[in-house]
Amino acid sequence: MRYKVLILEDDPRFAEPLKVRIEDDDKFEVLGVTDSSTEAYKLLKSGVPDVVIVDLQVTEGDGYELLAKIRDPNENLPIQPYVLVITWFVSDMTMMTLSDGLADYVYKKQNESYSPENILKHLHIVSRQFHRNRDKEVQVIDSALDMERRLRMRITREIDQFYMNQGSSGKEYLIEIIYRTIQLPQHEDLQIGQMYIEVGKLFRKEANAIDISIRRLLDAAFLRTDSKALERLYSPYVDIGRGAPRNKEFVVFIANKIKKENICW
């Protein structure tokens, strides 16, 4: 069974190519495309999408209001869909969707990596987070899987501050390794080394290929990220003057940061 995608977008230049590309994929199907937040809400309630792609600024209604309804427990949605915001400009309101937990990811349209193909790649990467019991009349998200999903989202939000290349396989490997590192009682060299082998088996890659992909991802991310942002995000712990940190160094840093929050994400 394919994952259902609901698209709220009022610009046909973006809506139509995205719809066509998603429909061509055997893992996803388009539940509906609309330029109205009111109509999107109706589709949300009747169709139960796994993914909602939202343009916050639409002709009719308010995309932000729709996101608030999606996350409102009083709406009693059978599942919590993955929410991907697409926007021209990252405004304060856009960032609020992330900080308030209304959106799982934000994609800028003017970004050179923006394309229907890369959005689909992103959905494939995060699709392991989707969980839905389709065999029951009343659908319930399993608590353990829900916690895993939220933790993976938390990791994604953290590393995306470093302008990671969207659609990169290295990013998928990095999220998986950070997730597994958080589960460890201690971040021992031997355990993290073994983790590359395990993640390689998961993705059917050699451990060395996993390591190289992450290395390239971090090198590119630290070159793209504004120096002031790097100072804020990283310099209290690592000297950014020497460039991107080693893979293990970055993994342990992010894992420790999230682990110290001591919350259920």
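Laboratory data are not the source of any read-out in this text; all were calculated from the coordinates shown. Computed from a predicted structure; not experimentally measured. Every residue, glycine as well, gets a Cβ built from its backbone with ideal geometry; the counts of neighbours run over all protein chains shown.
Here are some notes:
- Spatially proximal lysines relative to Lys69 (Cα-Cα < 16 Å; intrachain offsets below 8 disregarded): Lys42, Lys45
- Fewest neighbouring Cβ atoms within 10 Å first, the residues Val20, Val52 line up as Val20, Val52.
- Residues whose placed amide H lies under 5 Å from that of Ala103, excluding near-sequence neighbours: Leu98
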